[in-house]
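Below is one structure, written out as structure tokens; the observations come after it.
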Amino acid sequence: MAMSTPRLPPPAITAEGVFSGYASLFDRPDQARDIVAPGAFQASLASRGPGGVKCLYQHDPSEPIGVWLRLEEDRIGLRVTGKLLPDVARARDVFALIRAGALDGLSIGFRAAEAVREPQRRLRRLKRIDLWEISVVTFPMLPGARIGA
């Protein structure tokens, strides 16, 4: 009886440093009890575009690691595609960690432009978000916000 080789998942990042995933998921509470409503990013994405949103490591403004190539809302959430910059030392570290499966979280840095409190559920529904940055992180505030998701 021949043994089959286990099928490995595709790499979460290309050899050129391109990766994608979800930085935010709609209608799911994060650990701070915020919920992002569908459409919350539209105005910010229209005004900033991918080039106006920084790609950081661990939300540290002194650690830019790449650029966002595509940011778009779909029915699930904020779908992102980014590229790590190989000339940046920290980006090379992040590349190796993503490639090894040791780092896969994504997290948004933003200002709540319009939010509604839902006291009975102890939640804050974010209806409009001014998106400043998206970071590759170890522990995302929203557990499902992941590279390769």
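The values are calculated or read from the model by the stated rules, or taken from the named source; none is laboratory data. In this text the structure is predicted, and so the values were computed from the model without any measurement. Ideal geometry is used to build each Cβ from the backbone, glycine not excepted, and the neighbour counts take in all protein chains shown. We work out accessible area using only protein heavy atoms, side chains counted, and drop any ligands, DNA or RNA first. Shrake-Rupley method; radii C 1.70, N 1.55, O 1.52, S 1.80 Å.
Need one word for segment 60-149: rounded, prolate or oblate. Basis is the Cα gyration tensor (sqrt eigenvalues a ≥ b ≥ c); a/c below 1.5 gives rounded, then a/b vs b/c decides.
It is prolate, given that a/c is not under 1.5 and a/b is the larger ratio.
Per residue, what accessible area does the chain have, given a 1.4 Å probe and all protein chains present, in Å²?
Accessible area per residue, the chain: 57 Å².
How much length would be gained if the chain were fully extended between R70 and K127, taking 0.36 nm per residue of separation minus their Cα-Cα distance, in nm to one decimal? Can you show the working numbers first?
Values: separation 57, 0.36 × 57 = 20.52 nm, distance 2.15 nm.
Separation in residues times 0.36 nm, less the Cα-Cα distance, equals 18.4 nm.
Kindly express, to the nearest 10 degrees and within the range 0 to 90, the angle between helix 89-100's C-alpha long axis and the longest C-alpha principal axis of the chain.
Taking Cα atoms only, the helix is inclined about 70 degrees.
So which residue, out of R111, R121, R75, gets the largest mean-square fluctuation from a GNM of the chain using Cα contacts under 10 Å as springs?
Maximum fluctuation in the GNM of the chain, among the listed residues, is at R121.
Evaluate the charge dipole of the chain about its Cα centre and quote only its size in Debye, nearest 20, assuming +1 on the Cβ of each Lys and Arg and -1 on the Cβ of each Asp and Glu.
Once rounded to the nearest 20, the dipole reads 420 debye.
Name the residue, out of K83, K127, K54, whose mean-square fluctuation peaks in a Gaussian network model built on the chain with Cα pairs under 10 Å.
Of the options given, K127 has the highest mean-square fluctuation.
Would you look at the GNM of the chain, springs on alpha carbons closer than 10 Å, and say which of Q58, Q120, Q42 moves the most?
So, out of Q58, Q120, Q42, the one fluctuating most is Q120.
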